[in-house]
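Working notes for the structure below.
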Amino acid sequence: MEQKVNENIRLAVQKKGRLTDKCLDLLKLCGIEIENYSERLVVSSRTFPLDILFLRDDDIPEYVQDGVADIGIVGENVIEEKNISVGILEKLGFGKCKIMMANPEHIPLNSPLDLEGRTIATSYPRILKNYLNSEGLSAKIIELSGSVEIAPALGVADVICDIVSTGNTLMMNKLRKGFSIFESEAVLVKSANKELSMEKIILIDDLVRRIRSVLNARRSRYLMMNVPKVSLERIMELIPSLRSPTIVPLADEELVAVHAVIPSDFIWNTISILKSEGASGILLLPIENMIS
Ligand code: PRP
Ligand code: ZN
């Protein structure tokens, strides 16, 4: 009997780290469920033709480039450092971090010029080197694969150049935030070279569409409120993002109910305007999915 080729798409995800849970949460909201992933390298979803490969984040760009995985979720910092040609399908809005310079108290770091002649420990030698070159600076780069933040205390380097997300690691190691040289977030990538089968292209399109609808929903809230009829026009003028709201008459003829989708980051400004215009019964609801 002819063996059926596995046409599941293969998605590479960080095995254990800052992106792992957020990737799996995103997939779940896209209707892609997986179970018992903790100890396994490859896990198939029950609800979508997709296999997840759990890998070291530093290896993901290369695996995607070579087609071992069809697509991957990884930080832009890793892609930039590896200098690998992958195509970005979507920015995912999580895993935001910066590659920053950081210094111990006794080493001044007020401007890039303070780096001249220093020894800098980093896991990002390529990004750092490009930065130093672009600023016309020369410094000695010490490449470390981890625990970069202890280098100054060990006397291995004057300052460091490493990922900062919350800043807790710097604080615990008595280092100060200097300036940022690269900003990053998690992205969905595909190989820039490898040709995929039509089946896989269709599946990846479907996945990207689902991800977009989840991200759109995350950026929005569903607003419901009662508004005095006399204020309606003014409220619509004040809040241009209240595009084509649904307006429902109420038993109290002086009021109408207004339902609309608004951007999450506008909410708090918006609410105070609404209240001052007499809006009442204001409800804001999360949106699970916004399909366009
Ligand atoms: C980074 C970095 C720091 C820490 C900073 O490592 O090397 O140790 O995160 O985060 P914070 O500002 O929230 O404290 P990461 O966990 O990404 O591991 P990796 O660099 O080995 O992939
Ligand atoms: Zn890593």
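The values are calculated or read from the model by the stated rules, or taken from the named source; none is laboratory data. This one's a predicted model, so the numbers in the text were calculated from it and none came from an experiment. All Cβ positions, even for glycine, are placed from backbone atoms using ideal geometry, and neighbour counts span all protein chains on display. Only protein heavy atoms, including side chains, enter the accessible area calculation; ligands, DNA and RNA are left aside. Shrake-Rupley method; radii C 1.70, N 1.55, O 1.52, S 1.80 Å.
Quick notes on this one:
- Screening the range 129-150 for residues that are within 16 Å of ligand 2 (Cβ to nearest atom) and in a helix (DSSP H, G or I) and picking the one that is most open to solvent (accessible area, probe 1.4 Å) gives 149.
- Residue in the range 181-188 that is more than 30 Å from residue 218 (Cβ to Cβ) and open to solvent by 20 Å² or more (accessible area, probe 1.4 Å) present: no
- Residues that are under 15 Å from the mean Cα position of the chain (by Cα) and either charged (D, E, K, R) or open to solvent by 70 Å² or more (accessible area, probe 1.4 Å) (or both), drawn from the range 211-227: 212, 218, 219
- Flag if residue 51 is within 15 Å of ligand 2 (Cβ to nearest atom), in the same structural domain as residue 211 (by TED's automatic domain parsing) and under 30 Å from residue 199 (Cβ atoms): no
- Condition met for residue 208 (among the aliphatic types (A, V, I, L, M), open to solvent by 30 Å² or more (accessible area, probe 1.4 Å) and at pLDDT 90 or above): no
- Verdict on residue 231 being farther than 29 Å from residue 25 by Cα, part of a helix (DSSP H, G or I) and at pLDDT 90 or above: yes
- In the set (1) open to solvent by 20 Å² or more (accessible area, probe 1.4 Å); (2) within 15 Å of ligand 1 (Cβ to nearest atom), the condition left unmet by residue 83 is number (2).
- Unique match (being within 16 Å of ligand 1 (Cβ to nearest atom), of a type in the set (A, V, I, L, M), crowded, with 16+ Cβ neighbours inside 10 Å and in a helix (DSSP H, G or I)) among 74, 13, 78, 64: 78
- Hey, residue 93 in a loop (DSSP other than H, G, I, E, B), in contact (Cβ under 8 Å) with a residue 40 or more places away in the chain, open to solvent by 20 Å² or more (accessible area, probe 1.4 Å) and over 19 Å from residue 173 (Cα atoms) or not: yes
- Filter result for the condition that a residue is in contact with a Lys or Arg (Cβ under 9 Å, 6 or more places away or on another chain), away from ligand 1 (no atom under 16 Å from the Cβ) and either open to solvent by 60 Å² or more (accessible area, probe 1.4 Å) or over 25 Å from residue 209 (Cα atoms) (or both), over 39, 35: 35
- Residue 199 being within 12 Å of ligand 1 (Cβ to nearest atom), part of a helix (DSSP H, G or I) and either among the charged types (D, E, K, R) or loosely packed, with under 14 Cβ neighbours inside 10 Å (or both): no
- Subset of the range 151-188 (residues that are outside any strand (DSSP E or B) and away from ligand 1 (no atom under 11 Å from the Cβ)): 151, 152, 153, 154, 155, 156, 157, 158, 174, 185
- Against the criterion of being of a type outside the set (A, V, I, L, M, F, W, C), in the same structural domain as residue 32 (by TED's automatic domain parsing) and open to solvent by less than 50 Å² (accessible area, probe 1.4 Å), residue 231 does not qualify.
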